[in-house]
Amino acid sequence: MGKEPLRVLVTGAAGQIGYALVPMIARGVMLGTDQPVILHMLDIPPAAEALNGVKMELVDAAFPLLKGVVATTDVAEACKGVNVAVMVGGFPRKEGMERKDVMAKNVSIYKSQASALEQHAAPNCKVLVVANPANTNALILKEFAPSIPQQNITCLTRLDHNRALGQISERLNVQVSDVKNVIIWGNHSSSQYPDVNHATVNTESGEKSVRELALFGLCIMPGRLNGEFISIVQQRGAAIIKARKLSSALSAASSACDHIRDWVLGTPEGTWVSMGVYSDGSYNVPAGVIYSFPVTCKDGEWKIVQGLPIDELSRQKMDATGAELVDEKALAYSCLS
Ligand code: NAD
Ligand code: LMR
């Protein structure tokens with residue numbers, strides 16, 4: 001007997017991330033190649049025709065794992081019985097805009113969609129917020145959906161995590177699949193702290209720390225790990241917007257699949273990933289905001305990796321991005337009042 005299909009909601013499904021994401025889900029990239037899915041796609045009425053076009057393409061692609069498609073502009077219908085909700089719907093940042101500029105537009109969407117998820121989703125629905133400001137949208141969703149377990153509401157910082165892996169791979173000239181255990185701390189914004197202090201590379205002579213390799217490598221100087229590397233990862237979203245005149249889409253969609261896959265199916269032994277989760281104050285960062293931490297996942301649950309040593313530079317950067325999240329929380333509430 002094959003598995004029962006899981007229902008996966010994608011909001012903003014007619015947008016550019018949605019267009020990249022739904023075929024990945026239908027191919028099994030998110031939940032496994034033995035897991036049938038029913039896609040629920042939500043968008044707003046002006047995008048209804050485009051949404052229907054995406055549905056037509058999904059039918060035309062004849063994905064064997066795809067057992068049904070709901071394409072709707074009705075939030076309640078979209079949320080009905082969903083096991084996974086990927087919240088992409090909202091207004092993206094354009095060139096020259098800071099993330100705070102999109103705050104007012106997007107947090108009110110997340111307040112209203114929180115209630116719909118609470119009322120209509122499956123009881124243990126896992127929620128991933130992608131739309132910016134991702135951490136604060138996720139926080140608002142959590143606050144206005146009190147019956148959804150708080151550990152089920154997360155935001156996407158896996159894209160930043162993957163960007164950090166990609167930069168290390170390029171600069172040290174190693175395979176990206178051999179690099180692991182970078183950390184994104186804090187906000188999915190330019191204040192985030194991409195931390196390489198615990199990152200390693202699998203080499204022919206065993207596992208080596210990225211800092212050690214940088215010391216002997218020709219392509220990346222240790223000092224640059226504390227400066228240039230951090231700002232490249234922090235500013236990568238803006239660099240993509242500048243180059244494409246549109247924000248990242250294929251990398252965002254692929255990272256969203258990585259986030260849910262590892263959460264549901266587990267992280268490999270000895271490997272952690274970065275997820276925006278409700279902070280309990282671990283590592284003395286502010287509690288009560290959605291903050292990106294290193295986590296391991298098993299049996300569908302994430303756990304913050306504890307006990308990592310934190311140096312002075314890291315401390316400052318972790319505090320700065322935490323302070324930004326506390327400010328964003330206050331700003332979000334002021335936008336909603
Ligand atoms: P897009 O404009 O192409 O698509 C957004 C879609 O959301 C549109 O189809 C729009 O009609 C729809 N939408 C608007 N309001 C909605 C609502 N109330 N309910 C349902 N759908 C609604 O944008 P995009 O490039 O796909 O980006 C989507 C979001 O993801 C943006 O906020 C962007 O900034 C963010 N983003 C986050 C990350 C991350 O790593 N966290 C990365 C890239 C982009
Ligand atoms: C990204 O990181 O690519 C997105 O969040 C777009 C942005 O606004 O930075």
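The values are calculated or read from the model by the stated rules, or taken from the named source; none is laboratory data. Note that the structure is a prediction, hence the values are computed from the model and not measured. Note: ideal-geometry Cβ built from the backbone for every residue, glycine included; neighbour counts use all protein chains shown.
Of the conditions (1) within 26 Å of residue 16 (Cα to Cα); (2) buried (at least 17 other Cβ atoms within 10 Å of the Cβ); (3) small (Gly, Ala, Ser), residue 243 satisfies every one except a single condition; which number is it?
(2)
Any chance you could count how many residues in the stretch 270-285 are part of a loop (DSSP other than H, G, I, E, B), buried (at least 17 other Cβ atoms within 10 Å of the Cβ) and not hydroxyl-bearing (Ser, Thr, Tyr)?
Of the residues in that region, 2 qualify.
Would you confirm whether or not the stretch 321-329 contains a residue that is outside any helix (DSSP H, G or I) and within 20 Å of the chain's Cα centre (by Cα)?
no
Can you tell me which residue within the stretch 247-269, out of those that are part of a loop (DSSP other than H, G, I, E, B) and within 12 Å of ligand 1 (Cβ to nearest atom), is surrounded by the fewest Cβ atoms within 10 Å (Cβ to Cβ)?
Per the stated criteria, the residue is 247.
Any idea which residue in the stretch 121-142 is nearest to ligand 2 (Cβ to nearest atom), counting only those that are surrounded by 24 or more Cβ atoms within 10 Å (Cβ to Cβ) and among the small types (Gly, Ala, Ser)?
The selected residue is 134.
Before we move on, is residue 81 more than 24 Å from residue 123 (Cβ to Cβ), surrounded by fewer than 16 Cβ atoms within 10 Å (Cβ to Cβ), modelled with pLDDT of 95 or more and away from ligand 2 (no atom under 16 Å from the Cβ)?
no
Please pick out the residue among 303, 298 that is surrounded by fewer than 21 Cβ atoms within 10 Å (Cβ to Cβ), free of Cβ contacts under 8 Å to residues at least 60 places away in the same chain, over 19 Å from residue 132 (Cα atoms) and touching a Gly at 6+ places or on another chain (Cβ under 9 Å).
From the options 303, 298, the qualifying one is 298.
Give just the number: which of (1) of a type outside the set (S, T, N, Q); (2) in contact (Cβ under 8 Å) with a residue 60 or more places away in the chain; (3) away from ligand 2 (no atom under 16 Å from the Cβ); (4) closer than 29 Å to residue 327 by Cβ does residue 261 not satisfy?
(4)
Which residue pairs have Cβ atoms closer than 8 Å, lie 6 or more positions apart in sequence or on different chains, and pair a first residue in the stretch 65-85 that is under 11 Å from residue 11 (Cβ atoms) with a second residue that is modelled with pLDDT of 95 or more and of a type in the set (Lys, Arg)?
82/7; 85/126
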